[in-house]
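Below is one structure; the comments refer to it alone.
The values are calculated or read from the model by the stated rules, or taken from the named source; none is laboratory data. Because the structure is predicted, anything quoted here is derived from the model rather than measured. FYI the Cβ positions are ideal-geometry reconstructions off the backbone, even for glycines, and counts take in every protein chain you see.
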């Protein structure tokens, strides 16, 4: 069996679920697996169904599963692939990223040591605001300018991102006229990044004088923002909510769902 987990977006999560089943067989608690790897119990259930269908685990009754010989072989094969991939990232990619681009907090000069911080999805450097990551400037910069940073040391802390998906009805069910605008206004004020999916969502936002940051390619935009520690509000027409939630679960990104329909 040759199934390369890194060639599929949900492959790594599927691998994690199988590892957890193997570690706790035969009694498998889906809620515990979900909590450990950061997805919903419903998503764990769907992955288990796939693993059974693929012959990687067998079921011995409700919540009782065992990994098969094929499952063990699949784990070993893909564990080796993950190790090779990690080596590739460390040796061939990270080692070549010698200069990072950041935004200067204040005027600074080439050769100075600076502190790095991620804020609202952007990397900033400061001479005085101490953080867990430092670097050296490669050129002079004035406050607000882009500047190159090299010789990074330590870890750059990312803000904990959260995604709120708010559902609005299609035009056949009232569209923006049937949206709880006051609740939408509260949600919009709580997130720095706002996205819209569907005309009904766009008009609902316009009614509270909010212009979305993105309307096209929304799913990828909010996922990329989350990877940079940026929280998002996604206002989506109801029929597009399920595909978005599936993408978020496949990427192991936590979210909350809010229904803004009035009636």
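Kindly list the number of the only condition in (1) over 26 Å from the mean Cα position of the chain (by Cα); (2) in a loop (DSSP other than H, G, I, E, B); (3) touching a residue at least 40 places away in the same chain (Cβ under 8 Å) that fails for residue 157.
With respect to (1) over 26 Å from the mean Cα position of the chain (by Cα); (2) in a loop (DSSP other than H, G, I, E, B); (3) touching a residue at least 40 places away in the same chain (Cβ under 8 Å), residue 157 is out only on (1).
Just for the range 214-246: of the residues that are surrounded by fewer than 16 Cβ atoms within 10 Å (Cβ to Cβ) and within 11 Å of the chain's Cα centre (by Cα), which one is farthest from residue 179 (Cα to Cα)?
227
Of the numbered conditions (1) more than 18 Å from the chain's Cα centre (by Cα); (2) closer than 13 Å to residue 237 by Cβ; (3) at pLDDT below 95, residue 202 satisfies every one except a single condition; which is it?
(3)
Determine if the range 197-213 includes at least one residue that is surrounded by fewer than 17 Cβ atoms within 10 Å (Cβ to Cβ) and on the phi > 0 side of the Ramachandran plot.
Within the range 197-213, one or more residues are surrounded by fewer than 17 Cβ atoms within 10 Å (Cβ to Cβ) and on the phi > 0 side of the Ramachandran plot.
Would you please name the residue that is nearest to the chain's Cα centre (by Cα), looking only at residues in the range 160-181 that are surrounded by fewer than 17 Cβ atoms within 10 Å (Cβ to Cβ) and without any contact (Cβ under 8 Å) to a residue 40 or more places away in the chain?
Applying the filter and picking the extreme gives 181.
In contact (Cβ under 8 Å) with a residue 12 or more places away in the chain, surrounded by fewer than 19 Cβ atoms within 10 Å (Cβ to Cβ) and within 22 Å of the chain's Cα centre (by Cα): does that describe residue 123?
Yes, satisfied.
Just checking, which of 32, 20 is part of a helix (DSSP H, G or I) and either surrounded by 15 or more Cβ atoms within 10 Å (Cβ to Cβ) or modelled with pLDDT of 85 or more (or both)?
Unique residue meeting the criteria: 20.
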